[in-house]
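Worksheet: the structure to be examined is printed underneath.
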């Protein structure tokens, strides 16, 4: 009988769900550097999150709106386990281009390859105004393979 009680106590003490904890969307301010590919490769190699290179600018309205939604955890449920490496188009433009991250519009969201260079899987641009985040989300879901 004691084994049954001990088993019950152990199960009761485990508590919570048996599902692993899902980490929220992670925003990482990438430092200014010349070797963007090396930095991105180090983030990919960690293997603990899906990594996306996110290029914005302080003056970009859709970037501001997306960043605000992400920073206030409005996107955590849809993008748990996603790590956005945030680069500034004005500050990091030449280094990003050297690593293959090219766009004509911002924001740019791009999947890196294992060596940290752009894989070619990306989307760019959005609308201004209140609909900016809603316009970005389906494209980001498609990029990282998440169902709506």
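Readers should treat all values here as calculations from the given coordinates under stated rules, not as data from a laboratory. None of the values given here were measured: they were computed from a predicted structure. Note: ideal-geometry Cβ built from the backbone for every residue, glycine included; neighbour counts use all protein chains shown.
What order, most packed first, do the peptides 68-80, 105-117 have when packing is the mean number of other Cβ atoms within 10 Å of each residue?
Details: 68-80: 14.7, 105-117: 19.8.
The peptides rank, most packed first, as 105-117, 68-80.
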For segment 23-144, the convex hull over Cα atoms projects on average to an area in nm² of 6.6 nm²
Per the rule of 0.36 nm per residue minus the C-alpha distance, extending residue 58 to residue 46 adds in nm 1.5 nm
Fraction of antiparallel bridges per DSSP, segment 23-144 only, in percent to nearest 5: 40 percent
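Quickly rank 37-49, 91-103 as a protection proxy: mean count of other C-beta atoms within 10 Å, highest first.
Values: 37-49: 15.6, 91-103: 17.8.
So the peptides 37-49, 91-103, ranked by packing, come out 91-103, 37-49.
What FRET efficiency comes out for residue 119 versus residue 33 if R0 is 30 angstrom and r is the Cβ-Cβ distance? Round to the nearest 0.05. Write down the numbers at each step before the final one.
On the way: r = 20 Å, r/R0 = 0.66.
Rounded to the nearest 0.05, the efficiency is 0.90.
Expected output is a single nm value to one decimal: the length gained when fully extending between residue 90 and residue 68, i.e. 0.36 nm times separation in residues minus the C-alpha distance. What is it?
On the way: separation 22, 0.36 × 22 = 7.92 nm, distance 1.94 nm.
Contour length minus Cα-Cα distance gives 6.0 nm.
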Label-point separation, residue 97 to residue 139 (7 Å along Cα→Cβ), nm: 2.1 nm
